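> I am attaching a structure below and will ask some questions about it afterwards.
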Amino acid sequence: MIQEMWSSLLHQPNTQWVVLSTMLLGIASGVLGSFALLKKQSLIGDAVAHAALPGICIAYLFIGEKQLLILLIGATATGLLATYLIQLITATTRIKKDAAICMVLSVFFGMGIVLLTRITRQADGNKSGLDNFIFGQAAAMTRNDVYTMAGVAGGLILIAFLLFKEWKLLIFDPDFAKNSGLPVGMLETLFSTLLVVTVVIGIQAVGVILMAALLIIPAISARYWTDRLSLMVIIAGGIGACSGIAGALISTISTGLATGPLIVVTAAGCFVVSFTFGIKRGLIQKLTAHRIRTERLKGEGI
Amino acid sequence: MDALEVRNLHVAYDRKAVLEQVDMTIPKESLTAIVGPNGAGKSTLIKAVLGMLKRSSGEISILGKPYNPKNRIVGYVPQRGSVDWDFPTNALDVILMGRYGHIGWFKRPSKQDIAMAKEALQKLGMEEYADRQIRQLSGGQQQRVFLARALVQDAEVYFMDEPFVGVDAKTEKAIIDLLRELKQKGKTVIVVHHDLQTVPEYFDHTLLLNRTVIANGPTEEVFTKELLQKTYGGTLAFFTAPGEQRSG
Amino acid sequence: MTYEGWILLTACLVGISCGMVGCFLIVRRMTMLADAISHSILLGIVLAFLIANSLNGIYMLIGATVIGFVTTFAIQSLHNAGVQEDASIGIVFTTFFAIGVILISLFARDVHLDVEHALMGEIAFIPWNTQNILGFEIPKATAMLLCITIFALLIILLFYKELKLTSFDAALALTLGLPVTLIHYLLMGLVSITAVGSFDAVGAILVVSMLVVPGSCAYLLTDRLSMMLLYSCLFGISSAIIGYYGALLFDVSIAGSMSTASGILFLLTWIFSPRYSLLRRFLITAS
């Protein structure tokens, strides 16, 4: 199987493209996910991903064909609406953030399912391939899809690189950021929008249900290797890229397996390794530190 | 027999020690203030004593016996910020919760429990607010509800975490009257307190804490400039020791 | 009973059981944990199927309850090990769900269990799969759901006081000697069995909306927990009924339509609730 993957990677341009785009996606979500994690917005990413489904369906109902860019615009619109609704519910009622996220997530997904069943029950709706968006099917992407995705992911990485120090300050100390004359509101909005865009370009490869994992798992894994944000972002991007590549390869070779779950399981593997062996707060590191400390205490006769 | 005896208590968060080698006793029928700078581990001490935080080591006994919540001899008033004020419940209902330990499993509050709760409300001047949702109460009123709840717990030793923070003068007076009444009834009250100015007036016993016990004893002996300086280090700029003129 | 009657009864039972349990999740701010459990039970169901080689309700119930506890425990352990809470939730349930989906695609393709079922349930098929209980032909899923609803109701009635106190002020509960952790796991166990009971009807994901949305509507209408429980059940039932007829009208998924209906009910409550509504806020600021 490994050999098969290798030869397919070497000789099939389509596979190369798919792998390249999931890799870029992995990097983008690792980077944006790191910021989201530190801003404690990871689960909003989950809500956005679920909320993308009705957007895709509505866009499809409008144009009547599967044109990725338009579908993604629809997804971005409902994704943004979801973040806005979560904020509005928590601001105007006594409902807490967790319940607001859960409500928006599940109700939007429910509407997505309603629309999806509507589309599949229409004449030739079955061929829409929209259900690929639920669990992700990298192999089903056309050359054009791949270009779109790779382009957007590249753009996201570039923006994150350019705004790195501003976002860092914004997350760490928003009040100070405001005092330093940064346009805090604008940066916040930009970040939320880019987070939504990251989620949206990911749903074709990873699917709406599991896309949040690609934001969360690489970022939290990276945390076990470094205490510095710049390194964390790079490592998270690397883990995201590896998960993307592995998931896409396994899925394109052994046909029929959805890409999303494979990417998530690979990422989870990376997490387990980081959690155990990581040099900052990893399990083994913690145990040894504890032993050294106990010995020191014993030495002091306590 | 002491109200509270703590031996060899160590508490650590993650890898950082918060409390080290705390040894102390607090006498029965005292009003005790736990005083110390921010981050000294005052709330941590209470929580560790009551088993809400994991202790690295340490033995706790309350009224001569190892602490066991089932004995129901301890009442606890948490910091006001620690509960959800949007919870669907009203003032009387919150006070009734103090009776749950006595009511026992599977039973509902009896008429007597409800009467007790109403009496406690009245004692704190809150009878007209019984049906209010708790968010609709002022900060001082919320604090009084908590105190009323501790009252109906009918405990022997009370632990209160910063009950005077953010309350109005009327509530402050109601609280201190209540503390004195409890003492008169033979109860012990241990209070985390932040306002140094009122310590000598309100409390007869003081524990100075900064990650470990700096001093512990009758307030007039412990509450001295030297010991306070030792507790607060260089951060005591705004405080003038007892007897001196209040300023700033 | 008619075919339609059974579906409506099943949907209403989903509304009632989820509505009751959901209230406690909302006031404890633990809805995300319920979201995680409801995703994870897919893995529990698949594993139970692979081990017992049957789709018998009992095995599913056991598998899902076990995985529910494992999820709760894993999230708690990660959190204790220093992972922030939202991230530990996010890691655990996505991983379990992903493994569940992979296992279904690999091993369980040709049986009754498929991915679509996990997504939106198959309430329309429930009335066909019946069992003779005490001389009545009752759909298996409905019977199981009925037992679960009664069980949940009993637990809530018996432990109402303890559930309420541990939800409101766990610190006080500890000093009163209540087993706070045990009660937490008891509630999570209730979430697991409610979710698995609703699995056939609405699937693993849409059950989240039945757990969270009716309770949230009720939360905006009353200041008493007991009334909140009652209102929540009523909202659950209304979502089920409106959802069912909506689905018939537009020829769409029943589960998705129930979820959408609950969303619409929430929107209306949010705007018009006499106590905590947008309208009231608006009027107060305007006057």
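> Can you give me the three principal axis dimensions of segment C:3-211 from its C-alpha atoms, in Å, biggest first?
That works out to 51, 38, 26 Å along the principal axes.
> Counting other C-beta atoms within 10 Å, which of B:110, C:239, C:17 has the fewest, and how do the rest follow?
Details: B:110 12, C:239 32, C:17 29.
In increasing order of surrounding Cβ atoms, one gets B:110, C:17, C:239.
> Please compute the Kirkwood hydrodynamic radius of segment C:91-226 from all pairs of different C-alpha atoms, in Å with one decimal. Can you show the working numbers first?
Numbers: mean 1/r = 0.0570 Å⁻¹.
Here the Kirkwood hydrodynamic radius works out to 17.5 Å.
> Oh, and also: Sort B:15, A:94 so the one with the fewest other Cβ atoms within 10 Å of its own Cβ comes first.
Working: B:15 10, A:94 19.
Placing the least packed residue first, the sequence is B:15, A:94.
> Going down the list B:47/B:118; A:96/A:178; A:40/C:164; A:178/C:164, which pairs span over 32 Å between their C-alpha atoms?
Result: A:178/C:164 exceed 32 Å.
> Where does segment B:82-154 land on Rg(C-alpha)/(2.2 N^0.38 Å)?
Working: Rg = 11.5 Å, N = 73, 2.2 N^0.38 = 11.2 Å.
Normalised by 2.2 N^0.38 Å, the Cα Rg of segment B:82-154 equals 1.02.
> If you fit an axis through the alpha-carbon atoms of helix A:2-11 and take the longest principal axis of the Cα set of chain A, what angle between them do you get, 0 to 90°, nearest 10?
That works out to roughly 60 degrees.
> Mind sorting A:104, C:207 by how few other Cβ atoms lie within 10 Å of their own Cβ, fewest first? Don't skip to the answer; put the middle values down first.
Values: A:104 28, C:207 32.
With the sparsest Cβ surroundings first, the list reads A:104, C:207.
> Follow-up. What distance in nm separates the two pseudo spin-label positions at residue B:61 and residue B:220, each 7 Å out from Cα along the beta-carbon direction?
The modelled label-to-label distance comes out at 3.0 nm.
> What are the principal axis extents of the Cα atoms in the protein assembly as shown, in Å, biggest first?
88, 64, 60
> Using Cα pairs closer than 8 Å and at least 6 residues apart in sequence, work out the relative contact order for chain A, in percent.
On the way: 461 pairs, mean separation 91.3, N = 302.
Here the relative contact order equals 30 percent.
> Among the listed pairs B:28/C:161; A:168/B:42; B:183/B:225; A:39/A:165; A:39/A:97, which are separated by more than 24 Å between their Cα atoms?
Working: B:28/C:161 32 Å; A:168/B:42 33 Å; B:183/B:225 27 Å; A:39/A:165 15 Å; A:39/A:97 14 Å.
Long pairs (Cα-Cα over 24 Å): B:28/C:161; A:168/B:42; B:183/B:225.
> Between beta-carbons, use under 15 Å as the cut-off and find the net charge around residue A:85, counting Lys and Arg +1, Asp and Glu -1. Write down the numbers at each step before the final one.
Working: positive: A:96, A:97; negative: A:46, A:98.
For residues surrounding residue A:85, the net value is 0.
> Just want to confirm a number: the relative contact order over chain B, from Cα pairs under 8 angstrom separated by 6+ residues, in percent.
Numbers: 439 pairs, mean separation 64.8, N = 248.
Reported relative contact order: 26 percent.
> Count the net charge of all other residues whose Cβ sits under 12 Å from the Cβ of residue A:177, scoring Lys and Arg as +1 and Asp and Glu as -1. Could the numbers behind the result be given before it?
On the way: positive: A:165, A:168, A:178; negative: A:166, A:173, A:175, A:188.
Net local charge, residue A:177 excluded: -1.
> Over segment B:1-70, calculate the relative contact order: mean separation of alpha carbon pairs under 8 Å at least 6 apart, over the residue count, as a percent.
Computed over segment B:1-70, the figure is 42 percent.
> Please return the longest stretch of chain A lacking exposed loop sites, where GluC sites (Glu not before Pro) count only if DSSP places them in a loop and at most 13 other Cβ atoms lie within 10 Å. Before the final figure, lay out each step's value.
Numbers: sites that count: A:65, A:300.
Result, exposed sites excluded: A:66-299.
> Taking a quarter of the surface of the Cα convex hull of segment A:2-299, what do you get in nm²?
Values: hull surface 76.4 nm².
Projected over every direction and averaged, the Cα hull of segment A:2-299 covers 19.1 nm².
> Then there is this: What FRET efficiency would be calculated for the residue pair residue B:111, residue B:28, taking the C-beta separation as r and a Förster radius of 22 Å, to the nearest 0.05? Walk me through the intermediate numbers first.
Details: r = 33 Å, r/R0 = 1.50.
Computed FRET efficiency for residue B:111 and residue B:28: 0.10.
> Which whole-Hz couplings ³J(HN,Hα) result when phi for each residue of segment A:153-159 is put into the Karplus expression 6.51 cos²θ - 1.76 cosθ + 1.60, θ = phi - 60°, listed in order with x for Gly and Pro?
4, x, x, 4, 4, 4, 4
> Under 15 Å from the Cβ of residue A:49, count the other residues' Cβ atoms, weight Lys and Arg +1, Asp and Glu -1, and hand me the total. Intermediate results must be reported in sequence, preceding the final value.
On the way: positive: none; negative: A:46, C:35, C:86.
Charge balance near residue A:49 sits at -3.
> Suppose R0 equals 51 Å. What FRET efficiency, 1/(1 + (r/R0)^6) with r the Cβ-Cβ distance, do residue A:92 and residue B:180 give to the nearest 0.05? Spell out each step's value before the answer.
Working: r = 44 Å, r/R0 = 0.87.
Taking R0 as 51 Å, the efficiency between residue A:92 and residue B:180 is 0.70.
> Here's something else I'd like to know. To the nearest 500 deg cm²/dmol, what mean residue ellipticity at 222 nm is calculated for the protein assembly as shown from DSSP H runs of n ≥ 4 alone, each contributing -39,500 (n - 2.57), summed and divided by the residues? All intermediate terms of the calculation are to be shown ahead of the outcome.
Numbers: 35 runs with 549 residues, N = 837.
Helix-only estimate at 222 nm: -21500 deg cm²/dmol.
Rule-based calculations on the coordinates, nothing more; no lab input. If you're wondering where the values come from, they're calculated on a predicted model, not measured in any experiment. All Cβ positions, even for glycine, are placed from backbone atoms using ideal geometry, and neighbour counts span all protein chains on display.
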